[in-house]
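Remarks on the structure that follows.
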Ligand code: ADP
């Protein structure tokens, strides 16, 4: 096993640079998720680590080996893709054993090891089946088994769950996490889905335009986003952003709407960020905001609010919905200490940033 390091890694296609001077340090045994909108360079970064793309400049190492120019097969990695690409004519057992057979491991030994791995993935009773007779989730587990059997130093996952339906995706995600915890193999996982990133990673790297926007623990990034991009990318429903100014503990938006914040958070023109969970609508006949829509999710509800033409989102415990009705008027307050303040010009966080040792380097 080994950690992974990117040092100043750049990837250009002709005159277009898609990954800029990327530095990443992924500790041995960690589960790192590269997350960001489509086209931000996640897959390219993973493919450079796998050796499937050349590196324009910079170095990539696995453990103490510089692998920048090594062929994929010499890097001691295993990769699981979105399309599992199982061999249709081989059984589950033979598919899992395949990488060992390719290295000329004797057949009996390879099949025995495949059986053990299939067992650990809950595929023990499906050993003789062909891929077409498996569900999508089972096929993806076979693909994971085929990656595990080689006992690589590093696992790479490129959106491996995106072909599965919502329920299977959640189940397979849980299984994947358990397998990774059990094996303790350094893993790098690419997704555009921030929820997947939050649940899987012990380290999350948010990418934007071929650069690191923020790196840290999922909770650290969620609690202290470095700018409005990360603030609105991580978390669902997404963070509300409002331009305005503070007067003491009251924030007045540029449209003249007031929100009670409970702390004097900043001076001058800023962008205020409030997570939907921290924005509280209170029924009031003379309230300046209107409830547009209430969507009950079970124990909680998403409340969409109209604030002088701007739309804000609040998440309210179902038990606290009393008095709130669509079309009703409300005032808004934000939990003290729960607001995020960003520089209006640059979008960078201006107060309260970085309390948990996040590394926020760009
Ligand atoms: P992500 O995985 O974050 O969606 P990618 O790493 O696939 O993004 O792509 C990053 C950028 O690189 C995109 O703008 C994409 O169009 C560009 N790109 C990827 N492959 C090539 C290529 N072979 N030639 C030119 N541009 C490419």
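Tabulated data
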read-out: Any pair with Cβ under 7 angstrom, 6 or more apart, that starts in region 39-52 at a residue that is within 7 Å of the ligand (Cβ to nearest atom) and ends at one that is modelled with pLDDT of 95 or more and assigned to a loop (DSSP other than H, G, I, E, B); value: 40/209; 40/210; 41/210; 42/36; 44/53
read-out: Residue in region 60-72 that is near the ligand (Cβ under 9 Å from one of its atoms), in contact with a strand residue (DSSP E or B) (Cβ under 8 Å, 6 or more places away or on another chain) and not in a loop (DSSP other than H, G, I, E, B) present; value: no
read-out: Strands (runs of 3 or more DSSP E) (entirely within region 194-290) containing at least 1 residues that are in contact (Cβ under 8 Å) with a residue 12 or more places away in the chain, farther than 17 Å from residue 340 by Cβ and in the same structural domain as residue 17 (by TED's automatic domain parsing); value: 203-208, 211-216
read-out: Residue in region 19-31 that is surrounded by fewer than 20 Cβ atoms within 10 Å (Cβ to Cβ) and near the ligand (Cβ under 8 Å from one of its atoms) present; value: no
read-out: Failed condition for residue 55, given (1) under 23 Å from the mean Cα position of the chain (by Cα); (2) outside any helix (DSSP H, G or I); (3) within 16 Å of the ligand (Cβ to nearest atom); (4) surrounded by 14 or more Cβ atoms within 10 Å (Cβ to Cβ); value: (1)
read-out: Test for residue 35: is it surrounded by 18 or more Cβ atoms within 10 Å (Cβ to Cβ) and either outside the structural domain of residue 213 (by TED's automatic domain parsing) or within 12 Å of the ligand (Cβ to nearest atom) (or both); value: yes
read-out: Answer residue from region 213-228, given it is within 14 Å of the chain's Cα centre (by Cα) and surrounded by fewer than 23 Cβ atoms within 10 Å (Cβ to Cβ) and is nearest to residue 258 (Cα to Cα) among those; value: 222
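The values are calculated or read from the model by the stated rules, or taken from the named source; none is laboratory data. Quantities reported herein were computed from a predicted structural model and do not represent experimental measurements. Positions of Cβ are backbone-derived with ideal geometry, glycine not excepted, and every protein chain shown enters the neighbour counts.
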